[in-house]
Every structure is written in C-alpha cells, then in structure tokens.
Amino acid sequence: MYKRILVATDGSSLSRKAVDSAISLAHACGAELLALRVVPRNPMTLWGGGVTLGPDDVAKIEAKWMKDGQATVDAVKAAAEIEGLKARALVVKSNLIAESILATAKKHKADLVVMASHGRKGIKRLVLGSETHNVLTHADLPVLVLR
C-alpha cells in the first residue's frame, strides 16, 4: 500500500503519538519511514524586534535547535529500526514548516504524511494558525492526522 511514509515530528508528546502510529503503519505495510523535523532558521524572525541578540547568540541558538532536531529524528529512526524498518532521519532548517514538510515529502517520494494535530483551540488557533491545516490544504498526497 505505502512504500515510503514521512512522519513530521517536533518532539512533543502529541507528535510522539504520530510517530508511534507511523512506525506501526510502516511496519504493517513494509514501508520505509522518513522522520522529519523542521527547525526555525533564525530566532530573530520568531521573537520579533523586542529582543536583541548578537550574531554569536543567534549562532548558538540555531546550533542548539539543529542539535535538538537531529536528536529527535535520530530517536525516531532508532525506534523504527528496532522494529526492523528501513528509516531515515531528516532535519530541514526553515521558517515555513508546512511548505517544508510537503517539499520534503515530494523530494523523497513519500506516499503518505503522518503528523499530529497541533492541539490548539479557540483564539490561539486563529491567531497562531495550524501547520497541520496548511499541510492538509496544500498536500497532493494522503495525510494522516493523529490527536
């Protein structure tokens, strides 16, 4: 059915449920698992003008984000390999999360994207938006969303 499943994770407990389900589904289908973490490019773009950081601080934050992102996907890859799956760990640096998930899925020829819902409700969802919603809206492949 599926040959290559991309699971997007941010390392949260909610996304861990998506990871566990993606591993189970990949195992049932005999599919390869692609573990993806999208990390932000620059802390200044997230925090806006109210925070001043020097170039060294920005570099340290970005390095930490990349290290944490790699650790997240490496753990998913290890869990998948314990189940006998072929797996790859991917980290993409971008502020465009949904676009990066879809571009990575296309680049690596994924048949399915698995991800968690964001869990936000009410005004927070309206203000902050939903990367999951953006992936669902723009995907040209199946997307499995888990709560």
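The values are calculated or read from the model by the stated rules, or taken from the named source; none is laboratory data. All figures in this text were calculated on a predicted structure; none of them were measured in a lab. Every residue, glycine among them, receives a Cβ derived from its backbone with ideal geometry; neighbour counts consider all protein chains shown.
For the range 1-13, give me each residue that is surrounded by fewer than 17 Cβ atoms within 10 Å (Cβ to Cβ) and not basic (Lys, Arg). Steps first, answer last, please.
Of the range 1-13, the ones surrounded by fewer than 17 Cβ atoms within 10 Å (Cβ to Cβ) are 1, 3, 11-13.
Residues satisfying the conditions are MET1, GLY11, SER12, SER13.
Only one of GLY50, GLY84 is modelled with pLDDT under 85 and surrounded by fewer than 20 Cβ atoms within 10 Å (Cβ to Cβ); which?
Just a single option satisfies the conditions, and that option is GLY50.
With the condition kept exactly as written, say whether any residue in the range 116-130 is surrounded by 15 or more Cβ atoms within 10 Å (Cβ to Cβ), in a loop (DSSP other than H, G, I, E, B) and modelled with pLDDT of 95 or more.
No - not one qualifying residue is present in the range 116-130.
Here are some residues: LEU141, LEU136. Which one is in a helix (DSSP H, G or I), over 12 Å from the mean Cα position of the chain (by Cα) and modelled with pLDDT of 90 or more?
The unique qualifying residue is LEU136.
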